[in-house]
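J.: Let me give you the structure first, and then I'll get to my questions.
The values are calculated or read from the model by the stated rules, or taken from the named source; none is laboratory data. None of the values given here were measured: they were computed from a predicted structure. As a convention, Cβ positions derive from the backbone with ideal geometry for all residues, glycine included, and neighbour counts pool all protein chains shown. These area figures cover heavy atoms from the full protein model, side chains too; ligands, DNA and RNA do not enter into them. Shrake-Rupley method; radii C 1.70, N 1.55, O 1.52, S 1.80 Å.
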Amino acid sequence: MASGTVIVGASLAGIRTAQDLRREGYDGPITLVGEEPERPYDRPPLSKGFLSGAVAPQELSLCSDDEIGSAAVELVLGARAVGVDVDRRIVGLADGETIGYDNLVIATGAACIRPPWYREIAGVHELRTLADARALRSTLTAVNSLVVVGGGFVGTEVAATARSMGIDVTMVLREAAPLAPALGDAVAQAVSDLHRGRGVAVHHSSDVAALLGDQAVEGVRLADGTVVAAEAVLVAVGVRPSVQWLAGTPFYDPRGVGVTGSGRAGERVWAAGDVVRSSKGHWAAAIADAKSVAADIAGRSGRSPSIEMPDYFWSDQYSHKVQVLGRVGENATLTPIVGSLESMSFVGVYGTDSAITGALLIDQPRHLGRMRQLVSVGASVATCRAKVA
Amino acid sequence: MEIIVDRSKCAGHAICTILAPDVFEMDDAGKAVVLPTAAHASATEIRDAADACPALAIKMTAGAGNG
């Protein structure tokens, strides 16, 4: 079969690599292989607007028919890659077909971690794919109670969305507060207070011991014996890179594919997005990866953007938008610059008094541009206070 | 080239105001609007901003570009 560039994973990183390759002037064949039957779609709304019904399925599309046609990308959907022969440069598919490549881009993303107590019974959900989201949405329209296991972005966002739909929500998390590893303790406490204020029961520092129910889930039993009854359970305890299909290749590593700065994983092989070992799983990181990989394949060292963009991610919690720039950490001190966490109107910075490493904004998008500049230069807290008020 | 911000999609990320500060700014409603100075911006700059919009709210239509 035809060679050219084969991108495995019809993900955000996958489709953006294809689109960026064309923009870079790459004129070889491009084949995009996806395990799911769907065209590439955008995942962030799956835990928010799509779940509540505010965002229609067609609004999730990352590419139109015209774009696919004009970019001359061959979509091979519903096809699971099961292996790579790096010597013969072919990708094997589950149905026995093979696809030859000159350049291979690994963009298979990540999959939900299933704890040992996980069972596939009615009412138990995970959330990663559009199919997962459709199933969860269908359940949420039919139940009155939900347990969310996991206090990360997916868990807290689904808890907020479900609570806003009038469902009784209980969150069970290992950490002392939701989002603590990602955003630090102070923000985590504010997020916890926000959820409790909306009526979500939060069991922190708790582990699930078992799912209750035979054919259909009836709740969870916690490690301390507490039973939380519920008609549905979402298990959102994190993801792991989808690398099993690479077993036996030099790129296989359960922690994710190792790459160089331009996304190279090996001879004629690149990786982009959540499947990359160092990936934090952020939307903005996937599109940045795609740009570097496309530039490298096209034979350019990558156009440096006129403005350097620091790491960026966000989370929607009820009507509040939390935006994070740069580097943060569990033990990082958060220094307020504008407003307060309690009011959920806030600009704060991470780092030291003399040099900030990151910034967190809650419902303050107008300050994002200035904070980007201040994070990029590692400004002092005093400078931040003087420049942002 | 015409630049369109879909206000129903714009989610107030403000990334466009970082990558193309002479093209976009946030209005009082927390939505991005296109500035008059956009006419002098390069197509590449605008494309970077559109690509980086997490809400996929920025569209560019073909036309007399200057980039």
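J.: Among the listed residues A:Ala177, A:Ala209, which satisfies the condition of being of a type outside the set (S, T, N, Q), farther than 24 Å from A:Val55 by Cβ and part of a strand (DSSP E or B)?
T.: Within the list A:Ala177, A:Ala209, the selection yields A:Ala209.
J.: While we're looking at this one, here's another question. Failed condition for A:Asp353, given (1) farther than 15 Å from A:Lys321 by Cα; (2) in a helix (DSSP H, G or I); (3) charged (D, E, K, R); (4) free of Cβ contacts under 8 Å to residues at least 40 places away in the same chain, with all others met?
T.: Result: A:Asp353 passes all but (2).
J.: Can you name every one of the strands (runs of 3 or more DSSP E) wholly within region A:212-315 that holds 1 or more residues which are among the aromatic types (Phe, Trp, Tyr) and over 30 Å from A:Val143 (Cα atoms)?
T.: Here the list reads A:269-271.
J.: Return the only residue of B:Ala11, B:Ala55 being in a loop (DSSP other than H, G, I, E, B), of a type in the set (Gly, Ala, Ser) and within 8 Å of chain A (Cβ to nearest Cβ).
T.: The conditions single out B:Ala11.
J.: Name every residue in region A:349-389 that is out of contact with any Asp or Glu (no Cβ under 7 Å at 6 or more places or on another chain), open to solvent by less than 20 Å² (accessible area, probe 1.4 Å) and over 24 Å from B:Ala29 (Cβ atoms), in order of residue number.
T.: Across region A:349-389, the qualifying residues are A:Val349, A:Tyr350, A:Ile356, A:Gly358, A:Leu374, A:Val375, A:Ala379, A:Cys384.
J.: Could you list all residues from region A:161-174 that are over 21 Å from A:Leu222 (Cα atoms) and either assigned to a strand (DSSP E or B) or not β-branched (Val, Ile, Thr) (or both)?
T.: A:Ala162, A:Arg163, A:Ser164, A:Met165, A:Gly166 - these are the residues of region A:161-174 that are over 21 Å from A:Leu222 (Cα atoms) and either assigned to a strand (DSSP E or B) or not β-branched (Val, Ile, Thr) (or both).
J.: List every residue pair whose Cβ atoms lie under 8 Å apart, where the two residues are 6 or more positions apart in sequence or sit on different chains, the first residue falls within region A:45-67 and is under 10 Å from A:Glu157 (Cβ atoms) and outside the structural domain of A:Ile167 (by TED's automatic domain parsing), and the second residue, located anywhere, is surrounded by 21 or more Cβ atoms within 10 Å (Cβ to Cβ) and of a type in the set (S, T, N, Q).
T.: A:Ser47/A:Thr161; A:Lys48/A:Thr161; A:Leu51/A:Thr161
J.: Tally time: how many residues in region B:14-52 are within 8 Å of another protein chain (Cβ to nearest Cβ), closer than 20 Å to A:Asp363 by Cα and not aliphatic (A, V, I, L, M)?
T.: Of the residues in region B:14-52, 3 are within 8 Å of another protein chain (Cβ to nearest Cβ), closer than 20 Å to A:Asp363 by Cα and not aliphatic (A, V, I, L, M).
J.: Can you report the number of residues in region A:144-160 which are assigned to a loop (DSSP other than H, G, I, E, B) and open to solvent by 20 Å² or more (accessible area, probe 1.4 Å)?
T.: 2
J.: Considering region A:61-117 alone, what residues qualify as being at pLDDT 95 or above, crowded, with 18+ Cβ neighbours inside 10 Å, in contact with a helix residue (DSSP H, G or I) (Cβ under 6 Å, 6 or more places away or on another chain) and farther than 21 Å from A:Gly25 by Cβ?
T.: A:Ala81, A:Ile106, A:Thr108, A:Gly109, A:Ala110
J.: Right, something else. What is the number of the single condition among (1) within 14 Å of chain B (Cβ to nearest Cβ); (2) assigned to a loop (DSSP other than H, G, I, E, B); (3) at pLDDT 95 or above that A:Gly25 does not meet?
T.: Here A:Gly25 clears every test but (3).
J.: Here's another thing I want to ask about it. Might you let me know whether region A:285-304 holds any residue that is surrounded by fewer than 16 Cβ atoms within 10 Å (Cβ to Cβ), over 22 Å from A:Val257 (Cβ atoms), in contact with a Ser or Thr (Cβ under 9 Å, 6 or more places away or on another chain) and within 14 Å of chain B (Cβ to nearest Cβ)?
T.: yes
J.: It is to be established whether one or more residues within region B:28-37 are of a type in the set (D, E, K, R) and modelled with pLDDT under 90.
T.: yes
J.: To continue, here is another question. Under the condition of being of a type in the set (D, E, K, R) and over 15 Å from the mean Cα position of the chain (by Cα), which residue from region A:30-70 is nearest to A:Trp245 (Cα to Cα)?
T.: Ranking the candidates gives A:Glu35 first.
J.: Name the pairs: first residue in region A:207-225 and on the phi < 0 side of the Ramachandran plot, second residue at pLDDT 95 or above and of a type in the set (Phe, Trp, Tyr), Cβ to Cβ under 8 Å, at least 6 apart or on different chains?
T.: Hits for this filter: A:Val208/A:Trp117; A:Ala209/A:Trp117; A:Ala210/A:Trp117; A:Leu211/A:Trp117; A:Leu211/A:Tyr118.
J.: Let me ask you something else. If you go through region B:14-51 one residue at a time, how many are open to solvent by 30 Å² or more (accessible area, probe 1.4 Å), outside any loop (DSSP other than H, G, I, E, B) and among the polar types (S, T, N, Q)?
T.: 2
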